[in-house]
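J.: Supplied in structure tokens, the structure appears directly below.
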Amino acid sequence: MGYETISVSPNTGALGAEVSGVDLSQPLDGRVVAEIRRALLENLVLVFRNQNITPEHHKAFAASFGELDIHPYSVPLAGHPEILEIVKEKDDRVNFGGGWHADMTYIETPPLGVVLVARELPPRGGDTLFANLYAAYDALSDAMKQRLEGMQGVHDAGATYGATGTKSRENQSTKVVITGQAQHSATHPVVRTHPETKRKSIFVNDGHTVALQGFSKQESKALLSFLFEHCEKHEFAFRLSWTEGTVVIWDNRCTHHMALNDYHGHRRVIHRVVIRGDRPY
């Protein structure tokens, strides 16, 4: 089925598409929003180029898809509690979101999606990788699919934002709040059914999934390591090169992403807004 109000051009066979014919600084009517949402469900990642939008426009576009959520461990952009300003200064050696992950899966209702806006870019580098977790699940053997059915993964914020988590050991310009015991922890199915498409996908990630419920530490590590590596295969991936005025939205329910850290000596600023999701099943 084609589109009447927007143009959609897929980037790769795995996921991702460029969307044109829409100005995100203007109010969007219901037909446009409905077609963008359909394009998101079909392509998982949508890229809008040459957009000139304010923080208010950014929040309004994200709110077209649902209620906005707030990152529990970040210091927001001044005056905009819904916006996380992701900054890497010239002298920073690490970046925010530099490993494969899905956002905020340590809460009971992980985000439906995320909208990023490029505010300042390095002259080269700083691409973002995305992976299609539908495709990753489909590529598993029938025996592995059966083994994973009904299995539960434990997702915990402490691995990242606790006193001994990765963020406590990093020196970066994106401001996060480190607590002695990060409080958010949730258990989600390892194989998730998408609430809209009804397709199955793998729903564990290297950033936040710390164990498999009912398994020993060694057993969890072995199976999770396999799943993490499997999801990162090139055939499931799309690489986004940012340009000035780029806006990106992705479906956090069935994708992983990773921000590449290959632009040392240059500043990069991205604004992020999160769309609240529902409980995985």
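J.: Can you name the strands (runs of 3 or more DSSP E) wholly within segment 191-278 that have at least 1 residues being under 30 Å from Thr54 (Cα atoms) and touching a residue at least 40 places away in the same chain (Cβ under 8 Å)?
T.: 237-240, 247-251, 255-259, 268-275
J.: Further, regarding this structure: Does Glu42 qualify as being in a helix (DSSP H, G or I), at pLDDT 95 or above and open to solvent by 10 Å² or more (accessible area, probe 1.4 Å)?
T.: For Glu42, the condition - in a helix (DSSP H, G or I), at pLDDT 95 or above and open to solvent by 10 Å² or more (accessible area, probe 1.4 Å) - is met.
J.: Would segment 95-106 turn up any residue that is surrounded by 21 or more Cβ atoms within 10 Å (Cβ to Cβ) and part of a strand (DSSP E or B)?
T.: no
J.: All but one of (1) open to solvent by 20 Å² or more (accessible area, probe 1.4 Å); (2) at pLDDT 95 or above hold for Thr164; state the number of the condition that does not hold.
T.: That leaves (2) as the condition not met.
J.: Would you check if there is a residue in segment 91-103 being under 19 Å from the mean Cα position of the chain (by Cα) and farther than 21 Å from Asp262 by Cβ?
T.: Yes.
J.: Could you check segment 210-240 and list, in sequence order, the residues that are open to solvent by less than 60 Å² (accessible area, probe 1.4 Å), under 30 Å from Val22 (Cα atoms) and of a type outside the set (Phe, Trp, Tyr)?
T.: Ala237, Leu240
J.: With the condition kept exactly as written, say whether any residue in segment 232-244 is touching a His at 6+ places or on another chain (Cβ under 7 Å) and either of a type in the set (Val, Ile, Thr) or modelled with pLDDT of 95 or more (or both).
T.: Checking segment 232-244: not a single residue is touching a His at 6+ places or on another chain (Cβ under 7 Å) and either of a type in the set (Val, Ile, Thr) or modelled with pLDDT of 95 or more (or both).
J.: List, please: which pairs have Cβ atoms under 6 Å, are six or more places apart or on different chains, and start with a residue in segment 129-143 that is in a strand (DSSP E or B) and end with one that is among the polar types (S, T, N, Q)?
T.: Phe130/Thr255
The values are calculated or read from the model by the stated rules, or taken from the named source; none is laboratory data. In this text, all values refer to a predicted model and were calculated from it rather than measured experimentally. Don't worry about glycine lacking a Cβ; one is built from the backbone with ideal geometry, like all the others, and counts go over all protein chains shown. Keep in mind that these areas ignore ligands, DNA and RNA; they rest on the heavy atoms of the full protein, side chains included. Shrake-Rupley method; radii C 1.70, N 1.55, O 1.52, S 1.80 Å.
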